[in-house]
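Working notes, structure below.
Values in this text are rule-based calculations from the coordinates and carry no lab data. Remember, predicted model here, so these are calculated numbers, not experimental data. Counting neighbours? That spans all protein chains shown, and the Cβs are built from the backbone with ideal geometry, glycine included.
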Amino acid sequence: MLVIGMQAPLEITFRNMPPSPAIESAIRDKAEKLEGFYDRITSARVVVETPHRQHRKGKLFHVRIDLRVPGQELVVSREPPAHHAHEDVYVAIRDAFDGAKRQLEDYARKMRGALKTHEGPPEGRVAQLHAGDGYGFIETPDGREVYFHRHSVVDGDFDRLRVGDHVRYNEEAGENGPQASTVHLTGVPFTSKKRRS
C-alpha cells in the first residue's frame, strides 16, 4: 500500500478486469503528484473498472478517485460513455486525476480563507430514484432538485437508498444542470424549508 506524504494510504482496486502492475504504477505516479497541490490528503482510493455490458466493440474504462482531506471527501468519477478516448485506460486515469487536481486546488483555496464558515455539506432528501438506470434526484432545502448517479453515492449505498431518505451531498455544475459529486446516506429525518402548494 503506497503512502502519500507518509500519511495517506493509497488503495487501488480493479473491477471486471485483471490487476495490472503498469496501471498501478501510473496511478501511483499521479497520486504522488496530487500532494503538490494539497499536502493534507489523509487517504486515497482509486477504482479502475470496465462495465459489465459493453455497448461498443472497445472497452471503456471508468476511473473513480476518492480523496479524504480534513473535514471532507472529494470524489472524481468519470463516466466512460461520454468519453470515447477512455478506451485507453491511461487517458481515463489522466482525466480523472486532472479532475482530482482541480477539486484539491478549489478545496485548498477554501481552506486558505475564502470560506471561513464551519458549515457542513448541504443536506436534502431523495426525491426521485431510478434504480434500474442508476440515478436519482435530491430535493434541496430550497426546493430545487439535484441529479446524482449511483457512482456518486459513497460506500456503495446506492442500492440502500429509498425515496424520502435524508442525505448529505456536495454539489457541482454538470452538463445538464446541478449534480451531486458525492452523496452520503445519513438516516436523519429531513424537512424542506419550502412548502409546496
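Scan around Asp165 for amide H atoms under 5 Å from its own, H built in the peptide plane at 1.01 Å from N, and keep only partners 5 or more places away or cross-chain.
For Asp165, the qualifying residues are Val126.
Skipping prolines and chain starts, which residues have an amide H placed within reach, meaning under 5 Å, of the one on Val69, given they are 5 or more residues away or on another chain?
Long-range HN contacts for Val69: Thr42, Leu74.
How high is the relative contact order of the stretch 123-185, in percent, with contacts defined as C-alpha pairs under 8 Å that are six or more residues apart?
Working: 127 pairs, mean separation 21.3, N = 63.
Relative contact order for the stretch 123-185 comes out at 34 percent.
Test of the criteria: in the stretch 90-179, which trypsin sites (Lys or Arg not before Pro) are in a DSSP loop and have at most 11 other Cβ atoms within 10 angstrom of their Cβ?
Those that pass, being in a loop and sparsely packed, are Lys116, Arg162.
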